[in-house]
Amino acid sequence: MRLFADSASDLPKEFFEKENVELFPLRVHIGNEEFEDIRTIHSLKVYDAIRNDIRPKTSQVSPDEMLNAFEQLAKDGEEGFYIAFSSELSGTYGTAMMASEQVREEYPDLKLTVLDSKLASLGYGMLVKEAVKLRSQGHPLKEIIERIRFMADHTESLFTVEDLDYMAKGGRISKGSAFVGGLLNIKPLLHVENGKLVPIEKLRGRKKVVKRIVELMEERGEQLEKQIISISHGDDEEFANLMKEAIEEQFHPKNVEIYMIGSVIAAHTGPGTLAVFFQNKLNS
């Protein structure tokens, strides 16, 4: 069975290579240069550009790359499972659906499932890691799909950004949802609802954000001591470690993993972003 994922999962390049997951990179554009996320650019380059008042732009996965991969899957007669970036945040899922239908016209027996994760960053990455684990344990594709679909429906994403206006300009939230607070050290707290980014409230300062995220995890999480919690950050390890310490102290989870946010997500959220991902239900 072949697994596909795109770079908005924010998993490192080594993961894709080691775990034999086929990568579909989204594109990052800085000035006149185009890069393939994960393959040819590191997110630090994006953060440096933003700090120098250069606004990186992004585009979805190349349709030809998907067509070629799905056609090869059909020729090989293998089963495939592509877990995709939220369809509310990118056209990548829609492109994958069109590519798979196009391949099916020539290869009606194509065995491919494309799943809209309705998630981004490590929330999405957690699904990919779970699929890899289940595949290594020998579970059939049908069981893996059912489990990943359940996880997608029960993954919580809580995050804060330095500047919500930046996301509004990029079209990732409505301009009416943005509010300015930089000068007052106001931190907007958001979550993902049905694949969309939705502001929850405004808080002043990092300590209050950390405290509130822990409170929301208490309210929404189930058996957090049995979970692996994921934290992603926008080139701000200090903030991530502060969050990790608070989570470990409160919930004593199996593990807390920290990753830097990848280039495509970084281009829309900017430096200083912090996100926490966990499950609100462990088993169906």
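Annotations for the structure displayed:
Every residue, every condition in (1) over 17 Å from Lys45 (Cβ atoms); (2) touching a helix residue (DSSP H, G or I) at 6+ places or on another chain (Cβ under 9 Å); (3) of a type in the set (Val, Ile, Thr), yes or no:
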site: Glu222; (1), (2), (3): yes, no, no
site: Gly234; (1), (2), (3): no, yes, no
site: Glu237; (1), (2), (3): yes, no, no
site: Gln250; (1), (2), (3): yes, yes, no
site: Lys254; (1), (2), (3): yes, yes, no
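- Out of Gly195, Gly270, sole residue that is on the phi > 0 side of the Ramachandran plot and surrounded by fewer than 20 Cβ atoms within 10 Å (Cβ to Cβ): Gly195
- Here Ile213 does not qualify as surrounded by 20 or more Cβ atoms within 10 Å (Cβ to Cβ) and farther than 19 Å from Ile186 by Cβ.
- Count - residues of the range 1-52 that are among the acidic types (Asp, Glu) and open to solvent by 70 Å² or more (accessible area, probe 1.4 Å): 5
- Restricting Phe278, Phe251, Phe239 to residues that are closer than 30 Å to Arg55 by Cα, touching a residue at least 12 places away in the same chain (Cβ under 8 Å) and either of a type in the set (A, V, I, L, M, F, W, C) or open to solvent by less than 10 Å² (accessible area, probe 1.4 Å) (or both) narrows the list to Phe239.
- Scanning the range 92-107 for residues that are under 30 Å from Asp236 (Cβ atoms) and in contact (Cβ under 8 Å) with a residue 12 or more places away in the chain turns up at least one hit.
- Qualifying positions in the range 245-284 - of a type in the set (Ser, Thr, Tyr) and either assigned to a loop (DSSP other than H, G, I, E, B) or modelled with pLDDT under 95 (or both): Thr269, Thr273, Ser284
- Checking Val192, Val210, Val214 one by one, the residue that is of a type outside the set (Lys, Arg) and assigned to a strand (DSSP E or B) is Val192 and no other.
The values are calculated or read from the model by the stated rules, or taken from the named source; none is laboratory data. What you see is a predicted model; the values in this text were computed from it and never measured. Cβ atoms come from the backbone with ideal geometry, glycine included; neighbour counts cover every protein chain shown. The protein model used for the area step is the full one, side chains on, heavy atoms only, and it has no ligands, DNA or RNA in it. Shrake-Rupley method; radii C 1.70, N 1.55, O 1.52, S 1.80 Å.
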